[in-house]
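A short write-up of the structure that comes next.
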Amino acid sequence: MKIAELPVPEPVKDILLNLGIAELFPPQEETIRAGVLEGKNIVLASPTASGKTLIAELCGLKHVLEKNGKVIYLSPLRALASEKFEEFRKYSSIRKQDGKKVSVGISTGDFDTADTWLERYDIIVTTNEKADSLLRHRAKWMDDISLVVADEVHLLNEAERGPTLEVVLARLLQVNPDIQVLALSATISNVDEIAAWLKANYIVTEWRPVPLKEGVILHEEIQYKDGDARKIEKKTRYPTINLVLNTLKNGGQALVFASTRKNSVSAAKIIAQHTGEVLSKPMKRTLEHEAEKILAAGERTQISETLAGLVRCGTAFHHAGLAGAHRKLIEDSFKDGKIKVLTATPTLAFGVNLPARTVIIQDYRRFEPGYGNYPISVLEYKQMAGRAGRPKYDKVGESILIAKTSDEADYLMEGYVLAKPERIWSRLAVEKIIRGHVLATVASDFAHTENGIYEFFGKTFYAYQYDVKAIKSIIAKILKYLYEEQMIDLSGENIYATKFGKRVSELYIDPLSAVVIRDALRNKPACLTDFGLLHLISHTPDMGPVMRPYTREFDALAVQLEEHKDELFTDVPNEWADHFSYEEFLGEIKTAVVMKNWIEEITEEKLIEQFGVQPGDLYRTIENAKWLLHATDELAALLGEKEVLPLTNELVERVSKGIKKELLPIVKLEGVGRVRGRIMYNAGYKTIEDIKHAAVEDLTNLPLVGPRLAKKIKEQVGGFVKKDTWEKLDREQEFSQKALSDF
């Protein structure tokens with residue numbers, strides 16, 4: 001089917017034709033014929049790079065331009081949301097019937113806001129969690145949504161993220177029963193069940209634009225799914241490196257999946273020792289330029305220094321612990337073919353568009369708490385394998401698992417390469433997971449009776465697969481808990497949220513975390529300190545896994561515990577009566593100690609060295625701490641615990657930036673973080689007023705500042721600057737940019 005023949009507005013066709021997209025792929029054509037442009041609900045299950053996003057774009061533009069509708073695009077990850085946002089923006093030059101241009105918005109961050117500004121956008125890209133938060137805030141514009149696109153819908157099966165996606169879809173269908181649903185997925189075995197739940201047609205296809213060869217390597221020989229085999233040259237004792245070098249020799253790129261963030265960094269370092277030797281001189285110059293971009297993006301940290309060093313060797317790592325600017329630079333450089341090898345955690349397989357000729361899965365096991373190293377699912381393997389093969393560049397893509405013995409090679413071939421993905425099962429009926437969703441159902445006025453709550457959960461995928469009776473007992477138990485903890489109250493048969501319960505739901509925290517914080521604030525210590533509050537948030541379930549204390553750290557952490565005992569908001573478990581709880585408590589103490597060191601401006605390098613903390617774990621802890629400190633601040637205000645407010649308010653900013661209190665005024669300036677802020681402060685620029693009156697030449701001469709940033713700082717603070725000084729700064733800025741581009 002030709003693009004020109006599609007029943008979509010002409011400007012949409014023009015944009016696609018100008019991009020060289022003239023004909024639909026078979027899965028796209030099948031989806032069109034199934035009625036997706038006529039408003040039919042569709043579940044499209046097809047491999048990576050088979051064109052699912054284009055169907056979402058065509059369907060979305062049809063709603064906006066012909067039906068005066070509004071589109072919400074649900075993504076499991078922020079990185080994927082940013083990618084889809086950029087893809088939809090190519091249509092922003094098209095004018096609608098009212099003369100205004102098509103507008104695309106994105107919101108993935110703050111969970112404690114209704115983001116009313118989003119109502120002016122036609123297409124809104126969000127994460128599943130952000131959409132859930134917006135529904136809890138009853139964002140008015142969500143009533144106008146006419147199309148929901150659920151990307152990576154097979155993640156319903158994922159214990160952490162699946163239930164939120166499930167509730168969001170059920171809630172959107174509750175708010176607007178006429179909404180069109182387009183669910184996109186990798187190939188899954190029970191797509192018919194998901195489609196029946198969503199009252200949708202479904203399309204299942206194995207078609208790919210680049211054929212995929214799946215195989216297992218043992219020593220130097222790869223055995224493929226189709227019976228073929230080939231040998232690769234043994235350059236080192238590591239099969240991963242040999243596969244990488246073989247791919248690079250043939251002009252391809254490699255994507256290496258590692259089980260953890262730490263392993264992805266380690267793998268990149270080992271691979272870089274070999275890739276640097278096979279790069280041409282022009283490519284090395286190009287990569288030097290890319291490395292400089294990474295160092296120039298934000299503050300210099302150990303992670304940016306490491307990343308830049310790897311990029312010089314044509315290698316990089318990619319995981320959720322990377323700063324957004326660094327992640328974007330790495331992704332763009334890999335897409336442009338500059339970075340030759342990317343090591344990544346499995347989250348990359350969720351849909352970020354970074355295909356490579358060769359995908360290497362070097363570990364098919366993951367550490368699961370309580371289980372140890374546990375084999376990954378076939379579905380997860382297929383997701384990673386699906387990244388192999390770059391459309392327009394590769395004639396074939398290769399996905400290779402690494403075996404150490406012949407028995408393991410047989411197991412990998414049978415258990416993964418030749419196996420079918422597992423069925424998708426709802427993970428909703430777990431008390432910890434469903435607790436917040438039950439509260440939100442009441443607090444956001446979606447239901448006000450026990451039967452109304454059961455009725456809503458009766459529309460979930462869980463109820464479709466099992467029976468609402470199976471979830472009723474859990475809901476009843478949660479309602480009892482919420483009532484006892486004064487988050488809901490009763491009036492006859494009606495259930496309504498208290499002020500406390502409503503605020504907890506809006507803050508998007510687990511009701512159990514809210515109870516921990518509330519009780520702690522009511523029984524606060526006489527001495528209120530940073531450390532006490534940092535430990536309090538570490539003690540909540542929402543902090544996630546705390547930093548595991550190593551055996552060698554037990555004594556030092558016990559000393560820290562004793563030193564800060566009077567500052568803690570919670571009781572200390574008895575070491576001898578409950579050793580497991582005591583060890584967990586020491587993990588909370590360690591997390592608080594690391595956070596305390598962070599806001600005392602201890603460098604990232606020292607934190608990593610002293611506490612064995614990985615940069616990604618530090619990043620995750622900082623993000624969670626900001627969210628929980630904000631929640632603590634809000635709950636303290638609600639509960640009248642005014643003594644705590646100055647400290648919680650200040651800590652949100654300090655944790656966010658990793659600074660001492662004295663730097664708070666100047667780090668508000670764009671481009672000034674903890675390192676540059678400290679340099680400026682120590683040079684005597686302690687306030688905005690000091691900077692306003694500073695000579696621009698003096699700012700330029702400070703370490704890590706230079707003419708470009710000095711100009712940017714002065715533009716923000718104002719103050720008198722001579723015209724010739726501005727002109728000189730402009731010339732210096734142009735010269736430095738030209739020198740960098742010529743390099």
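Here are the numbers for the structure shown:
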item: Global size of the stretch 212-417 as Cα Rg and Dmax, reported in angstrom; result: 16.4, 51
item: Order of W141, W576 - criterion: other Cβ atoms within 10 Å of each residue's Cβ, fewest first; result: W576, W141
item: Student exercise, the stretch 511-658 dipole from Lys, Arg, Asp, Glu Cβ charges, in Debye to nearest 20; result: 300 debye
item: Nitroxide proxy distance, nm - points 7 Å out along Cα→Cβ at R552 and S377; result: 3.8 nm
item: Residues K714, K565, K90, sorted so that the one with the fewest Cβ neighbours within 10 Å comes first; result: K565, K90, K714
item: Cα-based convex hull, the stretch 3-204, per residue volume (Å³, whole number); result: 110 Å³
item: Counting DSSP beta bridges with both ends in the stretch 323-433, the antiparallel % (nearest 5); result: 45 percent
item: Peptides 300-312, 204-216 ordered by average Cβ neighbours within 10 Å, highest first; result: 300-312, 204-216
item: Surrounding net charge for G35, when Lys and Arg each add one and Asp and Glu each subtract one, Cβ distance under 14 Å; result: +1
item: Packing-based ranking, highest mean first, of 601-610, 240-249 given that Cβ atoms within 10 Å are counted; result: 240-249, 601-610
item: Sorted peptide list for 105-118, 172-185, criterion being average Cβ within 10 angstrom, highest first; result: 172-185, 105-118
item: Nearest-0.05 FRET efficiency for K328 and A22, computed from C-beta distance (R0 25 Å); result: 0.25
item: Part-to-part distance (alpha-carbon centres) for the stretch 438-503 and the stretch 516-567, which is given in Å; result: 32 Å
item: Given charges at beta-carbon only (K, R positive; D, E negative), |dipole| of the stretch 212-417 in Debye; result: 660 debye
item: Cα-centred dipole magnitude for the chain, charges only on beta-carbon of K, R (+1) and D, E (-1), debye, nearest 20; result: 2180 debye
item: Cut-off 13 Å (backbone N to label point 7 Å along Cα→Cβ of E305), residues of the stretch 575-618; result: 603-609
item: Computed helical MRE - 222 nm, the chain, DSSP H runs ≥ 4 contributing -39500 (n - 2.57), nearest 500; result: -14500 deg cm²/dmol
item: Debye intensity ratio in log₁₀ form over the Cα atoms of the chain, taken at each q of 0.05, 0.06, 0.08 Å⁻¹; result: -0.28, -0.41, -0.75
item: Amide hydrogen neighbours beyond the local backbone of T343, cut-off 5 Å, H modeled; result: V256, A316, F317, H318
item: Cβ-defined net charge surrounding F457, 12 Å radius [Lys, Arg +1; Asp, Glu -1]; result: 0
item: Farthest positive-ward along the stretch 431-494 dipole, Cα basis, beta-carbon charges - from I471, A443, N494; result: I471
item: Residues listed by number, the stretch 117-153, amide nitrogen under 11 Å from K199 label point at 7 Å toward C-beta; result: none
item: For the stretch 142-219, alpha-carbon Rg and Dmax in angstrom; result: 15.9, 58
item: Extended-chain gain in nm, criterion 0.36 nm per residue less alpha-carbon gap, E484 and Y496; result: 3.0 nm
item: Alpha-carbon Rg with Dmax, taken over the stretch 102-231, Å; result: 19.6, 61
item: Gain in span if fully extended, Y393 to H289, counting 0.36 nm per residue against the direct Cα distance; result: 35.0 nm
item: J(HN,Hα) series, the stretch 307-317, from Karplus relation 6.51 cos²θ - 1.76 cosθ + 1.60, nearest Hz, glycine and proline x; result: 4, 4, x, 5, 4, 4, 9, x, 10, 7, 10
item: Fraction of antiparallel bridges per DSSP, the chain only, in percent to nearest 5; result: 25 percent
item: Separation between Cα centres of the stretch 69-86 and the stretch 228-289, rounded to whole Å; result: 32 Å
item: Considering only the stretch 212-417, percent of DSSP beta bridges that pair antiparallel, nearest 5; result: 30 percent
item: Amide hydrogen neighbours beyond the local backbone of R366, cut-off 5 Å, H modeled; result: Y374, I376
item: Positive-end residue of I55, G677, V546, charge dipole of the chain with Cβ unit charges; result: I55
item: Karplus-derived 3J(HN,Hα), 6.51/-1.76/1.60, for each residue of the stretch 62-67, Hz, glycine and proline x; result: 4, 5, 5, 8, 10, 10
item: I679 versus K90: modelled label distance in nm, points set 7 Å from Cα along the beta carbon direction; result: 4.0 nm
item: Karplus-derived 3J(HN,Hα), 6.51/-1.76/1.60, for each residue of the stretch 603-617, Hz, glycine and proline x; result: 5, 4, 4, 5, 4, 5, 5, 6, 10, x, 8, 7, x, x, 5
item: Estimated translational D of the stretch 286-408 in µm²/s (Stokes, Kirkwood radius over Cα pairs; 37 °C; 0.692 mPa s); result: 208 µm²/s
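Taken together, the values in this text are just the output of simple stated rules run on the coordinates, not laboratory data. Fair warning: this is a prediction, and the values are worked out from it, not measured in the lab. Ideal geometry is used to build each Cβ from the backbone, glycine not excepted, and the neighbour counts take in all protein chains shown.
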